[in-house]
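All remarks here apply to the structure that follows.
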Amino acid sequence: MLPTCALRKQVSTVISSSTFHRRASQLFNNWAKKEEDATPLGDVDHLLVVAGNSDEENPYRKGSALQTYLLGYEFPSTLMLLGQKKIYFVVSNTKAKLLQPILTPPSGAADDAKVEVEILTRTKDEAENKALFERIIEVIGDGNKVGTLPKDKMAGKFVTEWATALAGSGKDIKEVDVGVGVSALLAVKDAEEQQNASHASRMTQKLMSHFSDVMSTDIDEGNKVTHEQLGERIEQKLEDPKFWRKMEGDGFETGFGDWCYSPIIQSGGNYDLKSSAQTDDQRLKAGVILCSLGIRYKSYCSNVGRTFMIDPDAAQEKNYLFLVDLQKFAISELKEGAIARDIYTKVVEKIQTEREDLLPFFVKTAGFGMGLEFRDAAYTLGPKCGRTLKSNMIFSLTLGFNNIPDAKNAGKTYAVSLVDTVKVGKNGASVLSEGMKGKDDVMFYMEEEEKKPKKTSRRDDAKSARNAPPTAVVKSKLRNENREVDADTLNRRKQHQRELAQRRQEDGLEKYSEEGGGGKGRGEKQWRRFESYQRENQLPDGVSGQKIMVDNRRSTLILPINGFAVPFHINTLKSAIKQEEGEHTVLRFMFTTPGAITGKKEDTPFEDPSATFIRGITYRSTDSFRFAELHKEINDLKKAAVKRENERKELADVVEQDRLVELKGKRPIRLTDVQVRPSFDGKRQSGDVEIHSNGIRYQSSMKSDQKIDILFSNMKHLLFQPCDSELIVVLHIHLKNPILIGKKKAKDIQFFREASDASFDETGNKKRRKNYHDEDELQSEQEERKRRADLNKYFKAFSDKIAEASDGRIEVDIPFRELGFQGVPFRSNVLLQPTTDTLVFLTEPPFLVLTLAEIEIAHLERVQYGLKNFDMVFVFQDFTRTPIHINTIPSGQLDSVKEWLDSVDIPYSEGPVNLNWGAIMKTVNDDPYDFFKEGGWSFLAEKEDEANSSDESSEGSEFNASSDEAADSESGSDFDDDASDDEGSEASFDDDSGADWDEQEEALERKEKEGKAANLKGGKKKGKYDSASDSGSDSSRGKKKKSGKGRK
């Protein structure tokens, strides 16, 4: 929040004539002394100050400070010429009335305390205004020097008119930068200025005390608050009149305070001791906390900074207490006659003598001059400033050490800082912002407080029970499982997965604790400013007719409101509705406003939501044809704007690459006669790929303008897929950032060649009649194998050349087909193949390239008894990215998928149902730190364990029941041996996980047929087991087989 001196405050204010003449007289007297510190002001006879428009972004300017010093207020669009005890003003009529009191010197004032004033009043006549500027130019005189303040960088119509008049005058006037001299004139403060600086310092110190209370409470109670949020709460206190009541008296008046800068709050290891530092949106953390506050009172600035420590160690305490002693030493040296650089040198010498270990961390300057400007660069307490200090100068004494290694946290650093507003005296400085420096004021010890004992919950007991080692025999729980998993392998995998999950949990807590935790700002929509016209003369000519107009060139709708033509950018329009009401046609415009938006755009940001908005405007007319045309034109403009916005968002992440540096002096290595995907204009065409100095280039053989440049710096993965089991051989490049190919963006670019040309004759390029039973069939197959081997060798060699040319930035990655598994990443069921760094599908678009290092976790869904397929979800470490779903993976490949995930260090979990990942990721993004603090991804493992425990208990009961029933069967039955083997033993039928259900059913049917034959021979009846083979559903089959009994 930056202060501004609005003209509306001046209307009810009378400028003090006595203050003006006293200060102006003192200024001219000091100017006449021509002191060395005021050089080069002594070389000029006139000082010119041209003020333009008010600039809230840059309120601290020499010209504004000089105006405020003399008049008490800032006057925009004003020219002021000072020289020979006379001041000229060129101002508007309103400002001229405000300046009338200074025309009359105060009664009783001595002649040398009076200054002559002449006010030149501007009108609406440009010729008269030009004549006023010409008068000022004549006063300066041809061939003379005039002091100016070019660093103020004034702008506006008034400044432009003056510059035009000066350039067109033909006078030889040399402008001299006298900013340093003006600083010397304003450096020594009179009694009123000192009082204003004192009040500003007291206000800042009171706010610092309030910050200490609020901050320590938040830390003690564990409140999740960011630096920015805490700063806003401190900032709001300035507007609270009750907060300032106790300060009233001793000349202090409420309502004159403003912020020099927004509060600067820093913690967590990232510190910046510069006065230009900014408060970030990271979370407030215990440890070392820095706070800097600055208040202006009647435009006079103050600056206070303190270091607060939560549970500091001995070294931190020692360093801070040394800083307090160092400040006392510096204050004693800030006295009349001292040289600025000598003070800095003495402070450095004291550090070198007493704490040499801290010298590398000391700040580059020890402070700067203050007053109407927050930071006067002419008076810096640094090694290069040779200015002499005088009594009643005001300084911000800024001492500190940054980037000190933190003994408690290896690899991290901290800072200590102490900032106060001081006034130079004859025998040393006095502190205007005294207080809040002692050890008891800034150090808080919270670890010593008694900690409550941690209660063990049922959930913890359940977790420990679930983590118990497995039994010696592991039963298969899924149908179609094609191999037995031994207990040691499963136990090893579970242990590794627990370690990976714990590592993810710790990394998440550390990462989002350092980033401030709050999800605020992650993917948050930013305010976009839409500007229709910068100047009034840019409006269309027809606006004077007071009609609704559509400016297609400026994407603007112009509406007549109370006799004014008011432009609305089309992006502010929500909808335009046309209705017929009798003889009239109604055209209603609805605009985007805070609180009026619902649905996905509910979080649309506004620059100032508290401002006054127009929500809707309605017009009526009998000219229905014109309103119909307007309605169509507005809707077309709105559709075009929406289309442009969508295209802008689509191409937002497209980067413009650097230029490709072509090889010179030798022929580049080429891969010839390859096709590219995505192709230009959707047409298949061949071309060549060349390797150059910093990238590769694809050049179409059909059109010379169709080429693709890919730099090594933009390559993320280089993938080579041989054609051993495919129809094409592929060289695939996955990019870090998308590039444009034609008018479409692409993040995957593929060069390929078809592996089989057997259907074409190489000589005539015509289809060849082939008899697959002739004697040449064997030779043809051998040629085919050789062709594929040659293609693989050719493409692999070129891939290696690319990796070699990149100087090790990229490596060639090859899919492992033997580790592949079927799945549906998009719409088709395809073979997904892992590589060293990725999981890919490259055979046809759309391609899939998943970087394994970017995956946070994998979750397996629909893993339950009786289902033939399961799904897999990959969650990225960047939680703003949408998770990737791979559906319909055969259950027979479940164990191999788990083994692969475990081998590449990706933690996985499983569950029986599909989860709502949109809602889950919204919760995570809202506050990632809180998500990990509450257990992170452990909730997925809990659901998995609950599902597994329920499955185990239900299966165990069925198994036991069937065992008891089987034990009661007759010994004479032909099924007795099989039944006892299959049902009475825990390790026979169910343990045979190597065969799938279909194979087991076939084996069972064979046994039953053999039993039937034996029954027919022996005259025995059929048992109930044969009914199991006729079961229609997977689940009913399993239950009938487990509960089947032999004949009694």
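The values are calculated or read from the model by the stated rules, or taken from the named source; none is laboratory data. This is a predicted model, so every value here is computed, not measured. With ideal geometry, Cβ positions are generated from the backbone for all residues, glycine too; neighbour counts draw on all protein chains shown. Ligands, DNA and RNA are excluded from the accessible area calculation, which covers all protein heavy atoms including side chains. Shrake-Rupley method; radii C 1.70, N 1.55, O 1.52, S 1.80 Å.
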Being over 30 Å from Thr388 (Cα atoms) and in a helix (DSSP H, G or I), is that true of even one residue in the range 195-206? yes
Taking the range 931-952 and the residues there that are among the hydrophobic types (A, V, I, L, M, F, W, C) and assigned to a helix (DSSP H, G or I), the one that is modelled with the lowest pLDDT would be Ala947
Within the range 721-737, residues open to solvent by 10 Å² or more (accessible area, probe 1.4 Å) and of a type outside the set (D, E, K, R) come out as Pro722, Ser725, Leu727, Ile728, His734, Asn737
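For every residue, the table says whether it meets (1) open to solvent by 20 Å² or more (accessible area, probe 1.4 Å); (2) of a type outside the set (Val, Ile, Thr).
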position	(1), (2)
Lys33	yes, yes
Thr39	yes, no
Val44	no, no
Ala51	no, yes
Glu57	yes, yes
Arg61	no, yes
Leu66	no, yes
Gly72	yes, yes
Pro76	yes, yes
- Query: Is it the case that the range 45-65 has a residue that's of a type in the set (Ser, Thr, Tyr), modelled with pLDDT of 90 or more, touching a Leu at 6+ places or on another chain (Cβ under 9 Å) and within 30 Å of Ile339 (Cβ to Cβ)?
  - Reply: yes
Per the filter on the range 335-350, residues hydrophobic (A, V, I, L, M, F, W, C), outside any helix (DSSP H, G or I) and surrounded by fewer than 16 Cβ atoms within 10 Å (Cβ to Cβ) are Ile339
Among (1) at pLDDT 90 or above; (2) more than 22 Å from Tyr794 (Cα to Cα), Ile691 falls short only on (2)
Please indicate, with yes or no, whether at least one residue in the range 324-334 is part of a loop (DSSP other than H, G, I, E, B), surrounded by fewer than 16 Cβ atoms within 10 Å (Cβ to Cβ) and of a type in the set (D, E, K, R).
no
Margin query: Given the criteria modelled with pLDDT of 50 or more and either of a type outside the set (Lys, Arg) or surrounded by 10 or more Cβ atoms within 10 Å (Cβ to Cβ) (or both), does Thr456 qualify?
Written below: no
Residues of the range 278-299 being closer than 29 Å to Asn392 by Cβ and open to solvent by less than 10 Å² (accessible area, probe 1.4 Å), in sequence order, are Cys291, Leu293, Gly294, Ile295, Tyr297
Just one listed residue, out of Gly249, Gly269, is surrounded by fewer than 19 Cβ atoms within 10 Å (Cβ to Cβ), of a type in the set (Gly, Ala, Ser) and within 33 Å of the chain's Cα centre (by Cα), and it is Gly269
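The rows are residues; the columns are (1) closer than 21 Å to Ser903 by Cβ; (2) at pLDDT 95 or above; (3) open to solvent by 40 Å² or more (accessible area, probe 1.4 Å); (4) in the same structural domain as Val924 (by the TED database).
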| position | (1), (2), (3), (4) |
| --- | --- |
| Arg827 | no, no, yes, yes |
| Asp837 | yes, no, yes, yes |
| Val840 | yes, yes, no, yes |
| Thr843 | no, no, no, yes |
| Phe847 | no, no, no, yes |
| His859 | yes, yes, no, yes |
| Tyr865 | no, no, yes, yes |
| Phe870 | yes, yes, no, yes |
| Val873 | yes, yes, no, yes |
For the range 708-749 the number of residues that are of a type in the set (Val, Ile, Thr) and modelled with pLDDT under 90 is 2
Listed by first then second residue, the pairs whose first member lies in the range 156-183 and is open to solvent by 20 Å² or more (accessible area, probe 1.4 Å), whose partner is part of a helix (DSSP H, G or I) and not aromatic (Phe, Trp, Tyr), with beta carbons under 6 Å and at least 6 positions apart or on separate chains, are Ser169/Ile137; Lys171/Ile137; Ile173/Ile140; Asp177/Pro150
Notebook entry, point to check: Is it the case that Asp376 is of a type in the set (Asp, Glu) and either closer than 30 Å to Ser299 by Cβ or free of Cβ contacts under 8 Å to residues at least 12 places away in the same chain (or both)?
Noted result: yes
If we ask which residues in the range 187-221 are open to solvent by less than 50 Å² (accessible area, probe 1.4 Å) and either out of contact with any Cys (no Cβ under 6 Å at 6 or more places or on another chain) or at pLDDT below 90 (or both), their number turns out to be 24
Residue count, the range 222-236, condition open to solvent by less than 50 Å² (accessible area, probe 1.4 Å) and of a type in the set (D, E, K, R), comes to 1
For the range 705-712, does any single residue satisfy the condition of being open to solvent by 40 Å² or more (accessible area, probe 1.4 Å) and of a type in the set (A, V, I, L, M, F, W, C)? no
Here the qualifying pairs (Cβ atoms under 8 Å; residues six or more apart or on different chains; first in the range 788-808 and outside any helix (DSSP H, G or I); second not polar (S, T, N, Q)) come out as Ser806/Phe712; Ser806/Met715; Asp807/Phe712
Pairs returned, first residue in the range 616-644 that is in contact (Cβ under 8 Å) with a residue 12 or more places away in the chain, second residue that is hydrophobic (A, V, I, L, M, F, W, C) and not in a strand (DSSP E or B), beta-carbon separation under 6 angstrom, 6 or more apart or interchain, are Ser621/Phe627; Leu630/Ile548; Leu637/Ile570; Lys638/Ile570; Ala641/Ile570
Margin query: Residue under question is Phe395, and the condition is that it be in contact with a Pro (Cβ under 9 Å, 6 or more places away or on another chain), closer than 30 Å to Leu70 by Cβ and open to solvent by less than 40 Å² (accessible area, probe 1.4 Å); does it hold?
Written below: no
Of (1) out of contact with any helix residue (DSSP H, G or I) (no Cβ under 6 Å at 6 or more places or on another chain); (2) in a strand (DSSP E or B); (3) within 22 Å of Leu719 (Cβ to Cβ); (4) touching a residue at least 24 places away in the same chain (Cβ under 8 Å), Leu831 fails just (4)
Within the range 680-691, the residues that are under 39 Å from the mean Cα position of the chain (by Cα) and surrounded by fewer than 16 Cβ atoms within 10 Å (Cβ to Cβ) are Asp681, Gly682
Is there a residue in the range 885-900 that is open to solvent by 30 Å² or more (accessible area, probe 1.4 Å), without any contact (Cβ under 8 Å) to a residue 24 or more places away in the chain and assigned by the TED database to the domain that holds Glu861? no
Okay, strands (runs of 3 or more DSSP E) sitting entirely in the range 557-608 with 2 or more residues that are modelled with pLDDT of 85 or more and among the polar types (S, T, N, Q), I get 573-581
Q: Can you confirm whether the range 668-685 contains a residue that is of a type in the set (Phe, Trp, Tyr), touching a Lys or Arg at 6+ places or on another chain (Cβ under 6 Å) and not assigned by the TED database to the domain that holds Glu580?
A: no
_On the basis of being touching a strand residue (DSSP E or B) at 6+ places or on another chain (Cβ under 9 Å), among the aliphatic types (A, V, I, L, M) and open to solvent by 70 Å² or more (accessible area, probe 1.4 Å), does Val661 make the cut?_
yes
